[in-house]
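Colleague: Below is the structure I would like to discuss, written out as structure tokens.
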Amino acid sequence: MTLTWLISQTYAEVADSVKNRRFPPTQERMSVSVFSVKLCLTMAQWAQMKQLIPYLPTQALNELYPDCFPMDVRCYLANWIEEQRWEDFDPEKMEQEPQALSLLDQITSYLLRLAQQNPNVVEKMRLQHISKSMSMVRSQPLKLVLTVRDVLRKERDLLSRTSAQIPPYFPQSPAPEPQSVAPSTRDVDLLVLKVLDIQNCRQQIHQLQEELNWERQNYESMQGSLQQASANGMDTGMSEVTKLQNNIKQHEYNGQVIAKKRVQLLQEAVSSLDSCQSRLISRIKAWRWEQHQATIGHPFDENLSPMQTWCEQLLGVNGKLRQEVMLAGEPIPELQDRLGLLLQTLIQRFVPNDKQPPQAQIITEAQARNLGQLGSVPSDNVGELINNTAILEHNASSKSTCATFRNMSIKKIKRADRKGSESVTEEKFALYFTTEISITGCDIPYRIQMISVPVVVIVHGSQDNNALATIIWDCAFSEPDRIPFVVPERVPWKQMCITLNSKFMSDVGTQRCLDNYNQHFLAQKIFDKPEIAGDYSNMLVSWAQFSKEVLPGRSFTFWQWFDGVIELTKKHLKSYWSDGLIFGFIGKQHLHLILKDRPNGTFLLRFSDSEIGGITIAYVAPSENGGQKIQNIQPSTKRDLEIRSLGDRIQDISFITHVWPDLPKNDVFRKYYTDYPEPSGSGYLTVSIQTRVGVQSHCESPQRSDNIQDPGSFYAMDQGNASCSSPFYPGSPQDQFSSPIQTVSGSMQGIYSDQNTLFPGVDMSQAPSTEMELEQILNNLVDDRQEDVQ
């Protein structure tokens, strides 16, 4: 693998761009920087509050944003709100009411405009409702303005306290260290300029050496002429000789000064290269860490082009510096060794897992730990890989060389002895990649090695869920530069909450996060604490609570339950969730609080806490004593929603009318209703499946239709009723039989029951399994009746 041409070309491009670049004056750059700072400060308050809000207790949020100035207004009008002069208002100055009324009118106007432009039906109606509510305080506009002023003051006070001392409910991300930032373009430019200065010094030394050689040649020639003239008694002209001697001394002195300067520049350039390369390597480590965190949904930019460009430029600088050291008059072994080590380090470190080297083997956690600490190559073979070698291929367009293992698989694996209750899905392995590359100009090849992120080897799909839990815990809570693959046994709930939120948003593919209500219920669930009040942010969650211990009263773990909700939402409820139609995770105690005093028919959608991957409808219903009660409909699972969508199920249930808090269901769910086509005139009666709530354990037949024009009462069924899986009888009996058959009067209760025998002489105790069987039975009955009539 040859890198010489690539390095030379990259270096030449950088050097040329540096020579021709026109840098702006310092004062101009400073003014741009000040403008940028001012621009950042304009949005600083709400931008910081958005990061803080997810970790504030519910009570603190309710106190911060009162009903007359909800958080929705603060969010939608953040820019405009922070531009107004709220501090100018004084509660004692009643003459300011017209100005306050003008601000109130602007708020309501902006909200209505946003509502008209918002494609989300739920948000549109919510904005309209808020605008209407705020219009009702027109009689006291000054009170509202002072409320906004106080809210902004509280936000600033809260942000100032969190910057000085982070509260327990607000996890602060560690600030990046200065060396973790990759070298900027200007850093590389300055480094290239130093190399150009070194090359210029070498050229000056070469020019001085030529002049010195010329002067010495003239001096020697003149000395011969002087000796001959002195022997002949002629004037020797010593002034010319003295001048040549002075020139020679001056050239020798200048050469020594420039040579000394050149060595100093070389040392400075190598030090700058070392510093620049250290920052690049730190950035590479950060990139790998971000790649590791992307497993749980954290944002990750997989573009390697900027780092590849920096690496190529630094390789080019290294090559030029090694060339300058070799061209020095005297060898400088210290700089040669240092540049060789920098080259080796950069080549060995700049191997991301995105494109792996061309040979792989599987290693255990212990072997990975020894490899990281001792650098020793694993000797014991714990598994056999098939197709574990590949060829390095160079892509000229992307300037990258990579190897792809397209069909690599594990043939067998040797597992370690497990401790206590450990399962095979908790055992972590890694893939160990190695290769050797040769670079033109270097005497020995460079060995590159890299271990992958942890992997779990399973033998059956039923182990996938628990294996994924192991990977998520490792990716979420391991530290950078850890010993492979050490991870804490317990973590604070606030960290777990961030992980669950990232995983949920990433897998579902939504921008809507889990709000405070959802996060609070998840804490109640995992800690088995049904109390509504309480701050769980600093409570420690163990690995066992997350993935091993069965939830109280259930047959599944917390992760199995949460993962089931993710799968259900990803496949069937993504749009509903993104539109804000699903409340999500909420406990029954909290459910009663928010639905209390709501009109009958008010409902919300929540994820079932008693079934894996289920969503249920909780609604307000009248009670027997004239009051109200909260009812929960049997959860709909993935299989149920494949048969009939959630929107159609909600349309079927007539007694639920308004989505919490008070949005008409037909307005917000209309786009999710299925439009059934008109009858095609094929002669067949149409059949539909509908949802019924509260049916008995057996299927009820439809009522007979006395209207001969009626195409038949559609059969309505509850999908949770397993005893009747298909509606075989959509029409009335009159539509099914010819005139010799008398119409059966009364309702047809128990069509599959022998209690009311609809067809004498036929055993209908067992329901027909297919429509063909039912049709055969009906045909036989018709034939029998015709014989009786005859």
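The values are calculated or read from the model by the stated rules, or taken from the named source; none is laboratory data. Nothing here was measured: the structure is a model prediction, and the numbers come from that model. Cβ: placed from backbone, ideal geometry, glycine included. Neighbour counts: every protein chain shown.
Colleague: Quick check on the range 657-680. Is at least one of its residues within 26 Å of VAL121 (Cβ to Cβ) and of a type in the set (Gly, Ala, Ser)?
Modeller: Checked against the condition, which is being within 26 Å of VAL121 (Cβ to Cβ) and of a type in the set (Gly, Ala, Ser), the range 657-680 yields no hits at all.
Colleague: Please determine whether any residue of the range 565-580 is under 27 Å from GLN59 (Cβ atoms), at pLDDT below 95 and not aromatic (Phe, Trp, Tyr).
Modeller: Looking for residues that are under 27 Å from GLN59 (Cβ atoms), at pLDDT below 95 and not aromatic (Phe, Trp, Tyr), one finds at least one in the range 565-580, hence yes.
Colleague: Follow-up. For the range 416-429, what are the residues that are of a type outside the set (S, T, N, Q) and modelled with pLDDT of 85 or more?
Modeller: Selection gives VAL424, GLU426, GLU427, LYS428, PHE429.
Colleague: Just the residues that are of a type in the set (A, V, I, L, M) and either surrounded by 15 or more Cβ atoms within 10 Å (Cβ to Cβ) or not assigned by TED's automatic domain parsing to the domain that holds LEU146 (or both), please, taken from the range 72-96.
Modeller: Answer for the range 72-96, where residues must be of a type in the set (A, V, I, L, M) and either surrounded by 15 or more Cβ atoms within 10 Å (Cβ to Cβ) or not assigned by TED's automatic domain parsing to the domain that holds LEU146 (or both): VAL73, LEU77, ALA78, ILE81.
Colleague: Name the one entry in GLN511, GLN524 that is closer than 26 Å to GLN51 by Cβ, surrounded by fewer than 15 Cβ atoms within 10 Å (Cβ to Cβ) and not aliphatic (A, V, I, L, M).
Modeller: Answer to the check: GLN511.
Colleague: Would you call PRO661 more than 49 Å from the chain's Cα centre (by Cα) and at pLDDT below 90?
Modeller: Judged against the criteria, PRO661 is not a match.
Colleague: Would the range 581-599 turn up any residue that is of a type in the set (A, V, I, L, M), touching an Asp or Glu at 6+ places or on another chain (Cβ under 6 Å) and farther than 18 Å from ASP662 by Cα?
Modeller: No, the conditions are met nowhere in the range 581-599.
Colleague: Of all the helices (runs of 4 or more DSSP H) wholly in the range 37-105, which have at least 1 residues that are modelled with pLDDT of 85 or more, among the small types (Gly, Ala, Ser) and touching a Lys or Arg at 6+ places or on another chain (Cβ under 9 Å)?
Modeller: 78-83
Colleague: Within the set of pairs 6+ apart or on separate chains, which have a first residue in the range 362-386 that is on the phi < 0 side of the Ramachandran plot, a second that is acidic (Asp, Glu) and modelled with pLDDT of 70 or more, and C-beta atoms under 7 Å apart?
Modeller: Every condition considered, no pair remains.
Colleague: Would you pick out the residues in the range 684-695 that are at pLDDT below 80 and closer than 20 Å to TYR619 by Cα?
Modeller: Result: GLY694, VAL695.
Colleague: Turning to a different aspect of this structure: With in contact with a Cys (Cβ under 9 Å, 6 or more places away or on another chain) and within 23 Å of GLN367 (Cβ to Cβ) as the only criterion, which of PRO454, PRO484, PRO488, PRO480 stands out?
Modeller: PRO454
Colleague: Turning to a different aspect of this structure: Within the range 240-251, identify whether any single residue is surrounded by fewer than 17 Cβ atoms within 10 Å (Cβ to Cβ), not in a helix (DSSP H, G or I) and not assigned by TED's automatic domain parsing to the domain that holds ALA396, and answer yes or no.
Modeller: Looking through the range 240-251, none of the residues is surrounded by fewer than 17 Cβ atoms within 10 Å (Cβ to Cβ), not in a helix (DSSP H, G or I) and not assigned by TED's automatic domain parsing to the domain that holds ALA396.
Colleague: For the range 78-102, which positions are aliphatic (A, V, I, L, M) and touching a helix residue (DSSP H, G or I) at 6+ places or on another chain (Cβ under 6 Å)?
Modeller: Passing the criteria: ALA78, ALA100, LEU101.
Colleague: For the range 279-327, give me each residue that is assigned to a loop (DSSP other than H, G, I, E, B) and free of Cβ contacts under 8 Å to residues at least 40 places away in the same chain.
Modeller: Residues satisfying the conditions are PRO299, PHE300, ASP301, ASN303.
Colleague: Cβ-Cβ distance below 7 Å, separation of 6 or more or different chains: which pairs start in the range 328-339 with a residue that is hydroxyl-bearing (Ser, Thr, Tyr) and end on one that is loosely packed, with under 11 Cβ neighbours inside 10 Å?
Modeller: none
Colleague: I've got another one for you. In the range 389-430, what residues are in contact with a Phe, Trp or Tyr (Cβ under 7 Å, 6 or more places away or on another chain) and touching a residue at least 40 places away in the same chain (Cβ under 8 Å)?
Modeller: If the condition is that a residue be in contact with a Phe, Trp or Tyr (Cβ under 7 Å, 6 or more places away or on another chain) and touching a residue at least 40 places away in the same chain (Cβ under 8 Å), then LYS428 is the only one that fits.
Colleague: Here is a follow-up. I want to confirm something. Restricting to the range 431-471 and keeping residues that are touching a residue at least 24 places away in the same chain (Cβ under 8 Å) and hydroxyl-bearing (Ser, Thr, Tyr), which single residue is surrounded by the fewest Cβ atoms within 10 Å (Cβ to Cβ)?
Modeller: So the residue we want is THR440.
Colleague: Looking at SER680, SER701, which is the one that is exposed (fewer than 14 other Cβ atoms within 10 Å of the Cβ), at pLDDT below 95 and either among the acidic types (Asp, Glu) or not assigned by TED's automatic domain parsing to the domain that holds ARG598 (or both)?
Modeller: Unique residue meeting the criteria: SER680.
For every residue, the table says whether it meets (1) in a loop (DSSP other than H, G, I, E, B); (2) closer than 22 Å to VAL541 by Cα; (3) polar (S, T, N, Q).
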position: THR435; (1), (2), (3): no, no, yes
position: ILE444; (1), (2), (3): yes, no, no
position: LEU468; (1), (2), (3): no, yes, no
position: TRP473; (1), (2), (3): no, yes, no
